[in-house]
Amino acid sequence: MRLQVARIGKPHGIRGEVTAQVQTDNPEERFTPGVEIIVVDGPVKTLTVKNARWNKTILLLSFQEISDRNQAETLRGARLEIEVSDVPEDDSDEWYEHELLDLKVMLDGQQVGVITGLRTNPAQDLLVFEDNDGQEIYLPFVDEFVPDVDPEAGIVVITPPAGLLTLNSDEADDEAQLDNENSSDQEER
């Protein structure tokens, strides 16, 4: 079984380092020197970790096969995966991005979108989905807002707080502008 552990970002410096969006709970173990990593959607099939270091909150990776910025640029957007043979089967609430991709997002029994990604952050993870209008929505991936994930049924049930799904939509902007106009009218009286 393969697990996605990172997505490569832009090059860093001139010696072939790249930034990486970490998608594993244990980057220190996954990116130790000498570890061979499978590359998906990249110019090569595998890379060998040369070095991994943190620059503030960004993981910088260098690989034995990549020696300059031009080669590093060809890796941008590639996914890094590892082969894992002994993944414990448990009923925990931990999910990998590949397990969630393309699941239907359900709200009150209606499909409101499709999962397109998972953003792992130090504070909390964000579930990313595209709503029925093509808008990208970020939802904190916590039990309160995502009470049920059922890959076998192909669905994720969400219970977002009021207004979250329309927070950045044109409709929400129109409502906010109307509210501001109404409050200005009341102040003038």
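The values are calculated or read from the model by the stated rules, or taken from the named source; none is laboratory data. Remember, predicted model here, so these are calculated numbers, not experimental data. Backbone-built Cβ (ideal geometry, glycine too); neighbour counts: all protein chains shown. Protein only, heavy atoms only, side chains kept; ligands, DNA and RNA dropped before computing areas. Shrake-Rupley method; radii C 1.70, N 1.55, O 1.52, S 1.80 Å.
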For the pair Thr159 and Thr48, the simple spin-label estimate (label points 7 Å beyond Cα toward Cβ) gives in nm 5.2
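Let's test the formula: R0 of 22 Å, r as the Cβ-Cβ distance of Asp68 and Val35. What FRET efficiency results, to the nearest 0.05?
Calculated value: 0.50.
Calculate, in nm to one decimal, what Lys56 and Asp148 gain on full extension: separation in residues at 0.36 nm each, minus their alpha carbon distance. Each step should come with its number before you reach the end.
Values: separation 92, 0.36 × 92 = 33.12 nm, distance 3.42 nm.
That works out to 29.7 nm of additional length.
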How much of the accessible area of segment 2-91, probe 1.4 Å, is carbon plus sulfur, in whole percent?
-> 45
